[in-house]
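Here is the structure we will look at, set down as structure tokens.
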Amino acid sequence: MIMNQFLKIKRNSGFLLLLFLGITFNNCSPSIAFYDQYAFTQATSLKVDLQNLVQESPTVSFVEAKADIEKINVELKKAYEYSKGRSKNTLSTDQYLILLSDNHLYKTFLKTWNLQGKLSPVGADEISNKIGQLMDQIIQLESGKRKQTH
Amino acid sequence: MAIDIKAILKQLEDGVVDLAKSKFKGLTKQATADGKKLLSTIKEDLARWTRLLAEGLITKAEFETLLVGQKDLIEMSALKQAGLTLVKIDEFKDGIFNLITDTVTGLI
């Protein structure tokens, strides 16, 4: 009787092992969000808008550019909120937070523009390149995420 | 049919080692290459901006703005690398799960 039960358990051990491992690994949720096409499009579009805004700064005064600045600020906030709303997406959200926070490049650029009225053409070129490099970090992280298979 | 648990575990162990080698070797290389590229960009930028400031082509405020940008780039690059490492970990977990499934079902 005991021997039969032992043999039965031994016969089913493979199935039990598979079941155990299946449960264990299925419960492991992803460590980071999957790739999101909308987030990628938002980031690439923002890169172009931000660089265009910086390129305006040697010819258009800060006061005159207020509407353009406000438009981009809204777009940035939307991208941040979208990023924040996605599960397991803290790292991308932190990247947007750097763009939105005082004492970081974008806000410091706006302060400098406001202070000087206009930027020098060379300064604007350099800042535009740097903002492009920052946006590339967001874009590369998004594009490096795994594509979800259905 | 009796299941040879020892054989399964040995096969899994070898598979996990191979998977780790293939998934993380590239990542270390990539992170090192990115780090070197970033450092070289920072050095070149600093030298150029100092020259532009000395020549009066950029203002002191613009120079300081660019320095802030350099700091941001380091932070954002670190966040990107951390994220890409998590992607590799997820791929590794998936790889282990597939390895276990294939190994065990192959032996039953």
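Selection of region A:75-120 for residues being among the small types (Gly, Ala, Ser) and in a helix (DSSP H, G or I) yields A:ALA79, A:SER83, A:GLY85, A:SER92.
Of all residues in region B:86-107, those being open to solvent by less than 50 Å² (accessible area, probe 1.4 Å), more than 7 Å from chain A (Cβ to nearest Cβ) and either within 16 Å of the chain's Cα centre (by Cα) or at pLDDT 95 or above (or both) number 1.
Taking the stated definitions as given, is A:ASP125 of a type in the set (Asp, Glu), within 11 Å of chain B (Cβ to nearest Cβ) and assigned to a loop (DSSP other than H, G, I, E, B)? Quick ask: steps written out before the conclusion?
Values: of a type in the set (Asp, Glu): yes; within 11 Å of chain B (Cβ to nearest Cβ): yes; assigned to a loop (DSSP other than H, G, I, E, B): no.
It is false that A:ASP125 is of a type in the set (Asp, Glu), within 11 Å of chain B (Cβ to nearest Cβ) and assigned to a loop (DSSP other than H, G, I, E, B).
Within region A:128-150, identify whether any single residue is farther than 18 Å from A:TYR38 by Cα and either in contact with a Ser or Thr (Cβ under 8 Å, 6 or more places away or on another chain) or hydroxyl-bearing (Ser, Thr, Tyr) (or both), and answer yes or no. Yes, because at least one residue in region A:128-150 is farther than 18 Å from A:TYR38 by Cα and either in contact with a Ser or Thr (Cβ under 8 Å, 6 or more places away or on another chain) or hydroxyl-bearing (Ser, Thr, Tyr) (or both). Could we say that B:ILE58 is at the interface with another protein chain (Cβ under 7 Å from one of its Cβ atoms), crowded, with 18+ Cβ neighbours inside 10 Å and of a type in the set (Val, Ile, Thr) here? Here the answer is yes, as B:ILE58 does meet what is asked.
One residue alone among A:ASN114, A:ASN89 is surrounded by 18 or more Cβ atoms within 10 Å (Cβ to Cβ) and either facing chain B (nearest Cβ under 10 Å) or at pLDDT 95 or above (or both), and that residue is A:ASN89.
The values are calculated or read from the model by the stated rules, or taken from the named source; none is laboratory data. Nothing here was measured: the structure is a model prediction, and the numbers come from that model. No Cβ is skipped: glycine too gets one built from the backbone with ideal geometry, and neighbour counts run over all protein chains shown. The accessibility values were calculated without ligands, DNA or RNA, using every heavy atom of the protein model including side chains. Shrake-Rupley method; radii C 1.70, N 1.55, O 1.52, S 1.80 Å.
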